Amino acid sequence: MEWFFFAVSAQFVFTLASLVSKVLMSHKIKSSSAYAIFMSSVGLLPLCLIPVRGLAIPSFSLLVVLIATGMLYIYAMIPYYEALSFEEVSRVLPLWRFIPVFVLIFSPFLIKEKLGFYQVVG
């Protein structure tokens, strides 16, 4: 039952982060691109743990995929932060949370992915 605490607290933290982003986008920061780059650079903070845990360097192809994914994430966050600057969090967040549903609907057509019954239920 400890998973329930983690599931609820993750949603709470994401909602809190969205509210902070809304306040910052409304009053302090005017460029959604600059804010997306700043927030993505915060994701580099775990690199501070390298002296403690060590660093395993991935293969070159995996490194290229990781960097490309990070760059695409920044571009995906720009419309989200732009929407936060115009609308309230309670209107933007449900649309952002429907992304898995859109992926489920469009993946058979776009990437020809076939899911079984248990995968769809999961």
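One line per residue, one yes/no per condition, for (1) aliphatic (A, V, I, L, M); (2) open to solvent by less than 80 Å² (accessible area, probe 1.4 Å):
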site: Val13; (1), (2): yes, no
site: Ser21; (1), (2): no, yes
site: Leu24; (1), (2): yes, yes
site: Ile29; (1), (2): yes, yes
site: Tyr35; (1), (2): no, yes
site: Met39; (1), (2): yes, yes
site: Val42; (1), (2): yes, yes
site: Leu47; (1), (2): yes, no
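Of all residues in the stretch 53-70, those being under 21 Å from Phe14 (Cα atoms) and loosely packed, with under 12 Cβ neighbours inside 10 Å number 1. Of the residues making up the stretch 71-98, those that are free of Cβ contacts under 8 Å to residues at least 12 places away in the same chain and either closer than 22 Å to Ala10 by Cα or in contact with a Lys or Arg (Cβ under 8 Å, 6 or more places away or on another chain) (or both) are Ala76, Ser90, Arg91, Pro94, Arg97, Phe98. The residues of the stretch 94-114 that are open to solvent by 90 Å² or more (accessible area, probe 1.4 Å), of a type in the set (D, E, K, R) and over 24 Å from Ser18 (Cα atoms), listed by number, are Lys112, Lys114.
The values are calculated or read from the model by the stated rules, or taken from the named source; none is laboratory data. From a predicted model like this one, the values you see are computed outputs, not experimental measurements. Cβ coordinates were reconstructed from backbone atoms using ideal geometry, including for glycine residues, and neighbour counts include every protein chain displayed. Side chains are part of the model used for accessible areas, which takes the heavy atoms of the whole protein and leaves out ligands, DNA and RNA. Shrake-Rupley method; radii C 1.70, N 1.55, O 1.52, S 1.80 Å.
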